[in-house]
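The values are calculated or read from the model by the stated rules, or taken from the named source; none is laboratory data. Note that this is a predicted model, so its numbers are computed, not measured. Quick reminder, even Gly has a Cβ in these numbers, built from the backbone with ideal geometry, and neighbours come from all protein chains shown. Surface areas here come from the heavy atoms of the whole protein model, side chains and all, with no ligands, DNA or RNA. Shrake-Rupley method; radii C 1.70, N 1.55, O 1.52, S 1.80 Å.
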Amino acid sequence: MNENTQPTHAEGETAEELRAELKNRVNNRSHRPNSEKFKEFMTSNWEDRKDLGIVAGDFASFTPARRDAVSAAFPGERLVVPAGGLKVRSNDTDYRFRPHSAFAHLTGFGTDQEPDAVLVLNPTFDQDGNPTGHEAILFVRPLADRNSEEFYADSRYGEFWVGARPTLEDVERLTGIRAAHIDSLTDVLSKDLGPGHVSLRVVPEADAEIEALVEALRAEAGFDVASEEATAELAELDAKLAEVLAEIRLTKDDWEIEQMREAVAQSIAGFAEVVKNLPRAVEHRRGERVIETVFDANARLEGNSVGYETIAAAGDHATTLHWITNDGKVNEGELVLVDAGVEVESLYTADVTRTLPINGTYSDIQRKIYQAVLDAADAAFEVAVPGNKFSDVHAAAMKVIAARLEEWGLLPVSAEESLSPEGQQHRRWMVHGTSHHLGLDVHDCAAARREMYVDGVIEPGMVFTIEPGLYFKSDDLAVPEEYRGIGVRIEDDVLVTENGNENLTAALPRKPEEVEAWMASLLK
Ligand code: GLY
Ligand code: MN
Ligand code: MN
């Protein structure tokens, strides 16, 4: 920092003190009394707490197998899986809490559960020091006593402000995992694992404070955390943990599949609400917002939220792949691409796209483009079966897309040449991939290795999207005018079964005539 930017502050005040003081200024607007008499009055004369009625979660019989899979990959190592903390949206206002997906997967915790919690898989050993598995301990910040200041004065965690959080007993009953106070985390993490067992891994980018704690413990254990080489080595340890946590999610258990079905059902209900509100959208100067808010309201009412920002893209906006501004007009005669998914309370999400004719009927050119995309999707479904490679799904869709573009005279080369690795000209009109895994994250299992994901073999229990599209921008001089300003994507969620696959989103019409009939039935 040079002289000109040196802040002025009281002599002797350290930067840290200054920061603390600035943070404290939030109290400048507070009228809350803090006399001893007030504290005494606030913390006394409360009825005993009622039992919150928390029972074992139906997920609790599925999560042990998930933890066992992680345990098997890291014998003798201590594994740290943070939920993450509350994130500031602005000043003293936080975003609604959502735990890290790896934490949700291994604990079963869902909506709003549980800021600052940390799951530790602590290795166990036999008498000879051989690893025998892991014991799970869930460190949480339990509900504070009513005689604490937190009870009434802490706007982030206090019962007066955010309601009663679970006690340690509640957490144990709900998850079936031993619970401990978060204040005992450091002690447990710093316990010696015995000679030859120093390894400690933490999920990266879940909780900066826990990562800092792990770094401090590594330094204490004699690791040279300052050297670049050692830091890279440690980062690799943690990245490997993230990789395994992603890869164990590539196939879903029965409980997860139930959650996906519910997310899909609620998403389909949301699409029906959108159609019913299309006349209102056409009337409004920001009709896309009508679509967004109708879908999102249903998601919030019937699930936890949306799994990602809703894309409500009318006309040429549909050619912008992640159009989430959603402030455009919705005009009769155009298409509207709606890409939206409900995330249920367990945090599993659907990811669905339909491209609808705003006036209820596809024009000839719209229908021609729509049918090509549908044919590509159907070809992808054909090969989305056990034993094939994940990349076969994309290849099958691209074969159809390239063939149609050739047929229409839009490709500057043959479809065959375009499909070669050196060509790929057809991708000008579909730059995104055809499929991604789906689950707790909309783009699930992203940290999995290439050989397990794109180059991996399709297995029963996998859930992924099939979502080909064609997007002709309004200023694309490479296509005749009639194509310009039309974007179509059809996105379904597929469950791979023992012998084939099931389209989880099949109840939402896909064929153009079925879409038209469905819209007509909702709009009459
Ligand atoms: N909604 C994001 C995607 O389809 O991948
Ligand atoms: Mn998708
Ligand atoms: Mn999508």
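Dipole size of the chain about its Cα centre, with +1 on Lys/Arg Cβ and -1 on Asp/Glu Cβ: approximately 1500 debye, rounded to the nearest 20.
When a 1.4 Å probe is rolled over the protein heavy atoms, the share of accessible surface on the chain that falls to carbon and sulfur comes to 49 percent. How many percent of the alpha carbon pairs in the range 11-113 exceed a separation of 16 Å? Of all Cα-Cα distances in the range 11-113, 78 percent exceed 16 Å. Of the cross-linked pairs K87/K191; K276/K329; K252/K399, which ones have a Cα-Cα span greater than 24 Å in the structure shown? Cα-Cα > 24 Å for K87/K191; K252/K399; rest within.
Solvent-accessible area per residue for the chain at a 1.4 Å probe radius, Å²? Mind showing how you got there, number by number?
Details: 25590 Å² over 524 residues.
Dividing the accessible area of the chain by its residue count gives 49 Å².
Once the Cβ-Cβ distance of R32 and L477 is raised to the sixth power relative to R0 = 51 Å, the FRET efficiency obtained is 0.20.
In the distance distribution for the range 408-524, Cα-Cα pairs more than 25 Å apart total 44 percent. Put simply, the C-alpha atoms of the range 287-384 give a gyration tensor, and the ellipsoid matching it has half-axes of 24, 19, 10 Å, longest first. The convex hull defined by the C-alpha atoms of the chain has an orientation-averaged projected area of 33.3 nm².
Give me the percent relative contact order of the range 23-109, please, defined on Cα pairs under 8 angstrom at least 6 residues apart.
Details: 37 pairs, mean separation 24.5, N = 87.
After rounding, I find 28 percent.
Charging the Cβ of each Asp and Glu at -1 and of each Lys and Arg at +1, and nothing else, the dipole of the range 394-524 about its Cα centre rounds to 240 debye. Sorting the segments 509-518, 312-321, 96-105 by their mean number of nearby beta carbons within 10 angstrom, highest to lowest, gives 312-321, 96-105, 509-518.
How big is the equivalent ellipsoid of the range 236-285 along its three axes, where each semi-axis is √(5λ) from the Cα gyration tensor, reported in whole Å from largest to smallest? Don't jump to the answer; show the numbers that get you there.
Working: eigenvalues 307, 58, 4 Å².
Computed over the range 236-285, the values are 39, 17, 5 Å.
Please report the projected area of the range 162-289's Cα convex hull averaged over all directions, in nm².
Values: hull surface 58.1 nm².
Taking the Cα atoms of the range 162-289, their convex hull projects to 14.5 nm² on average.
Here's the picture: charge each Lys and Arg Cβ at +1 and each Asp and Glu Cβ at -1 in the chain, and of V373, P131, T63 the one pushed furthest to the positive end of that dipole is V373. With one equal scatterer per alpha carbon and no solvent term, the Debye-computed log10 I(q)/I(0) for the range 261-306 at 0.25 1/Å reads -0.80. In whole percents, the pair-distance distribution calculated for the range 315-472 from its alpha-carbon pairs, binned every 10 Å from zero, is 10, 34, 36, 18, 2. Rounded to the nearest 10 degrees, the angle from helix 254-276 to the longest Cα principal axis of the chain is 60 degrees.
First measure r as the distance between the Cβ atoms of S184 and A164, then evaluate 1/(1 + (r/R0)^6) with R0 = 22 Å and state the FRET efficiency to the nearest 0.05.
Working: r = 22 Å, r/R0 = 0.99.
So the FRET efficiency works out to roughly 0.50.
Compute the angle between helix 390-407 and the longest alpha-carbon principal axis of the chain, please, reported from 0 to 90 degrees and rounded to the nearest 10. Rounded to the nearest ten degrees, it is 30. Axis angle, to the nearest 10 degrees, between helix 63-73 and the longest C-alpha principal axis of the chain: 80 degrees.
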